[in-house]
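Data first, discussion second: the structure below is written as structure tokens.
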Amino acid sequence: MGIGERLSAHFDVEGQGSDVRTETIAGITTFLAMSYIVLVNPAILSEAITVEGYSQTDVQQMIAIATILSAFVATLVMAFYARRPFALAPGMGLNAFFAFTVVLGLGVPWQTALAAVFVEGLIFVAITAVGARKYVIELFPEPVKFAVGAGIGVFLLFIGLQEMQLVVADEATLVTLGDVAASPVAGLGVLGLAATFVLWARGIKGAIVIGILGTALTGWALTFAGVFPRGVVTPETLASPQYDITPLAGAFLDGFVDIDPLTFALVVFTFFFVDFFDTAGTLIGVSQFGGFLDEEGDLPEIEKPLMADAVGTTVGAMLGTSTVTTYIESSTGVEEGGRTGLTALIVAALFLVSLVAVPLIAAIPAYASYIALVVVGIIMLQGVLDVRWNDPAWAVSGGLTITVMPLTYSIANGLAAGIVAYPVIKTAMGDAGEVRPGQWALAAALVGYFYVQTSGMLL
């Protein structure tokens with residue numbers, strides 16, 4: 001029996017209606033869609049993490065290795081323990097909170113911030129092991145569960161269009177259409193996106209991968225041809241990887257020295273809440289998209305992928321990076337047909353390989369990678385069909401879930417808005433008896449979350 005047959009049997013690929021080739025393409029697609037984190041996470045965290053005797057470039061390379069290793073470990077747990085086609089890595093948003101709010105804003109040492117992430121990870125491991133996390137997620141109102149996929153779709157679409165410079169900032173209206181004629185990035189993005197949509201519409205397997213690689217190669221070809229100078233549509237330089245992460249690995253232990261209990265607790269609380277609902281929203285949204293949810297809108301054995309997230313966060317803090325979470329880019333692989341843990345295994349393997357290929361990952365421009373987000377974002381909009389829009393409680397709760405995500409740049413905020421609105425509207429309709437006590441408690445806790453986030457307590 002060959003390795004392909006053994007993997008197929010281990011993950012019951014055929015039983016899930018897939019095959020090894022499809023799972024492999026799905027894994028490659030997910031990796032390409034999220035590989036930007038290998039570059040973006042170090043760029044953000046290195047603003048806050050400084051190591052005596054090392055330059056910022058050296059620190060960035062250390063963080064890149066920590067990013068890759070934490071993603072590898074977490075996704076490997078997802079593959080073999082949860083057996084789901086989801087990939088994990090240090091989360092966007094949480095890394096910015098780590099760097100700019102906690103370390104640079106509050107003046108908390110970066111070692112202490114890592115300690116807070118480590119504590120959050122241990123809490124997640126504990127509550128996941130006893131099933132508490134699963135219970136809370138199952139308290140999510142039905143309209144929130146069924147709207148979250150569409151909300152993530154709009155969020156993905158918005159992020160992708162921004163990175164491709166098709167949507168840009170505007171002082172009067174906040175956002176506006178980018179100048180495609182004047183922006184090479186926008187021009188290449190439009191061409192790549194159009195080609196990818198054509199391939200996808202024709203049912204070409206691997207359409208998203210072809211679109212990403214084709215757009216990246218076109219950008220490089222135009223650079224080599226002298227149409228654009230290096231740095232316009234391609235990276236200016238390809239850095240050599242730095243493999244020594246000794247100054248970061250284990251640094252979280254120093255963070256427990258001389259901590260302010262209140263500040264530390266607030267930091268842990270915020271990491272905990274945002275990661276909890278970001279992960280829950282992503283799992284439910286991608287699972288809805290992939291048809292993994294049961295009739296009640298729940299993901300069977302959800303505690304297993306949640307444990308992969310908890311383990312990843314704990315290991316990530318030990319290595320020297322911020323909170324690890326399940327990636328919404330996993331939906332790109334699901335769109336390509338990924339249905340089992342073999343997809344996650346391929347992603348984990350590619351992360352490991354990327355340890356020796358960081359310069360090659362850097363060669364894929366972000367505007368090419370983000371094509372995947374736009375395509376999948378549009379596909380995920382089909383989730384709006386699952387919302388009962390003629391029911392006020394569903395309409396308000398589902399509508400807020402969908403719109404608040406992109407407008408506040410946060411999956412967690414969208415979920416929180418929908419969860420808070422549901423019991424209020426149900427009560428206004430005279431259906432308070434249909435609201436479970438746990439749903440009221442969850443809504444009250446989220447009101448507290450919004451208060452902490454917006455009151456300046458962490459600024």
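The values are calculated or read from the model by the stated rules, or taken from the named source; none is laboratory data. Being a predicted model, the structure only gives us computed values, none of them experimental. Please note: Cβ atoms are built from the backbone with ideal geometry, for glycine as well, and neighbour counts cover all protein chains shown. Heavy atoms of the whole protein, side chains included, go into the accessibility calculation; ligands, DNA and RNA do not. Shrake-Rupley method; radii C 1.70, N 1.55, O 1.52, S 1.80 Å.
Tabulated values for the structure
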quantity	calculated
Hits in segment 298-324 (condition: on the phi > 0 side of the Ramachandran plot and among the acidic types (Asp, Glu))	GLU301
Test: ALA344 is in contact with a Phe, Trp or Tyr (Cβ under 7 Å, 6 or more places away or on another chain) and modelled with pLDDT of 95 or more	yes
Test set (1) surrounded by fewer than 17 Cβ atoms within 10 Å (Cβ to Cβ); (2) touching a Ser or Thr at 6+ places or on another chain (Cβ under 9 Å) - ALA195 fails condition number	(1)
Among the residues listed as SER55, SER35, SER18, the single one being surrounded by fewer than 24 Cβ atoms within 10 Å (Cβ to Cβ) and touching a Leu at 6+ places or on another chain (Cβ under 9 Å)	SER18
Qualifying positions in segment 291-327 - assigned to a helix (DSSP H, G or I) and open to solvent by 10 Å² or more (accessible area, probe 1.4 Å)	GLU303, LYS304, MET307, VAL311, THR314, VAL315, MET318, LEU319
Residues that are under 23 Å from the mean Cα position of the chain (by Cα) and open to solvent by 30 Å² or more (accessible area, probe 1.4 Å), drawn from segment 209-223	ILE210, LEU213
Residues of segment 245-275 classified as open to solvent by 10 Å² or more (accessible area, probe 1.4 Å) and either at pLDDT 90 or above or in a helix (DSSP H, G or I) (or both), total	19
Residue identified as among the β-branched types (Val, Ile, Thr) and modelled with pLDDT under 90 among VAL190, VAL198, VAL209	VAL209
Checking ILE44 against (1) free of Cβ contacts under 8 Å to residues at least 24 places away in the same chain; (2) open to solvent by 20 Å² or more (accessible area, probe 1.4 Å), the condition it does not meet	(1)
Qualifying positions in segment 342-359 - in a helix (DSSP H, G or I) and more than 18 Å from the chain's Cα centre (by Cα)	LEU342, ALA349, LEU352, VAL353, SER354, LEU355, VAL356, VAL358, PRO359
Qualifying residue in segment 120-129 (condition: open to solvent by 40 Å² or more (accessible area, probe 1.4 Å), in contact (Cβ under 8 Å) with a residue 40 or more places away in the chain and within 15 Å of PHE277 (Cα to Cα))	yes
Answer residue from segment 135-148, given it is crowded, with 19+ Cβ neighbours inside 10 Å and within 21 Å of the chain's Cα centre (by Cα) and is nearest to GLY418 (Cα to Cα) among those	VAL144
Selection count where residues are in a helix (DSSP H, G or I) and open to solvent by 60 Å² or more (accessible area, probe 1.4 Å), scope segment 198-208	3
Residue match in segment 396-419 (condition: more than 21 Å from the chain's Cα centre (by Cα) and among the aromatic types (Phe, Trp, Tyr))	no
Which numbered condition GLY430 fails, given (1) of a type in the set (Gly, Ala, Ser); (2) assigned to a helix (DSSP H, G or I); (3) modelled with pLDDT of 85 or more	(2)
Some residue of segment 368-382 being in a loop (DSSP other than H, G, I, E, B) and in contact with a helix residue (DSSP H, G or I) (Cβ under 7 Å, 6 or more places away or on another chain)	yes
Which listed residue is among the β-branched types (Val, Ile, Thr), more than 27 Å from ALA96 (Cβ to Cβ), open to solvent by 20 Å² or more (accessible area, probe 1.4 Å) and more than 21 Å from the chain's Cα centre (by Cα), from THR454, THR427	THR427
Test result for ALA216, assigned to a helix (DSSP H, G or I) and among the hydrophobic types (A, V, I, L, M, F, W, C)	yes
Pairs where the first residue, in segment 395-409, is free of Cβ contacts under 8 Å to residues at least 60 places away in the same chain and the second is among the basic types (Lys, Arg) and open to solvent by 20 Å² or more (accessible area, probe 1.4 Å), C-beta under 6 Å, 6+ apart	none
Candidate set from segment 385-419 (those that are under 20 Å from LEU174 (Cβ atoms) and assigned to a loop (DSSP other than H, G, I, E, B)); member that is most open to solvent (accessible area, probe 1.4 Å)	TYR409
